[in-house]
1. If the only charges are +1 at each Lys and Arg Cβ and -1 at each Asp and Glu Cβ, what is the size of the charge dipole of the chain around the Cα centre, to the nearest 20 debye?
2. If you stretched the chain out fully between residue 28 and residue 4, how much longer would it get, using 0.36 nm times the residue separation minus the C-alpha to C-alpha distance?
3. Given a cut-off of under 8 Å on Cα pairs at least six residues apart, what relative contact order in percent is computed for the chain?
4. Based on the mean of other beta carbon atoms within 10 Å per residue, what is the order of 33-44, 15-26, most packed first?
5. Simple spin-label model, 7 Å along Cα-to-Cβ: residue 12 to residue 44 in nm?
6. Taking Cα atoms, how many degrees apart are the long axis of helix 22-31 and the longest axis of the chain, rounded to 10 and kept between 0 and 90?
Amino acid sequence: MEMMKAKNLILWHTIDNDIKNRKKLYIEEAKKFFLGNVYVPNDLEEVIL
């Protein structure tokens, strides 16, 4: 993603075994590897870029 100069990363179809903290945990982990914006939408949530 960095080599492609991607500015945004959207993660969906993630594991829901900790739905309460899922979004926070995935964003924290992705930020270790990606410097752009990270989105983890909930079901039916729209992401406007």
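1. Numbers: 8 positive and 8 negative charges, 49 e Å.
Using only the charged Cβ atoms, the result is roughly 240 debye.
2. On the way: separation 24, 0.36 × 24 = 8.64 nm, distance 2.13 nm.
My answer for the length gained is 6.5 nm.
3. Numbers: 37 pairs, mean separation 23.1, N = 49.
For the chain, the relative contact order is 47 percent.
4. Descending packing order for the listed peptides: 33-44, 15-26.
5. Here the answer is 1.5 nm between the modelled labels.
6. 20 degrees
Every number here is computed from the coordinates shown, using simple stated rules; none is lab data. Computed from a prediction, not measured in an experiment: that's the story for all the values here. No Cβ is skipped: glycine too gets one built from the backbone with ideal geometry, and neighbour counts run over all protein chains shown.
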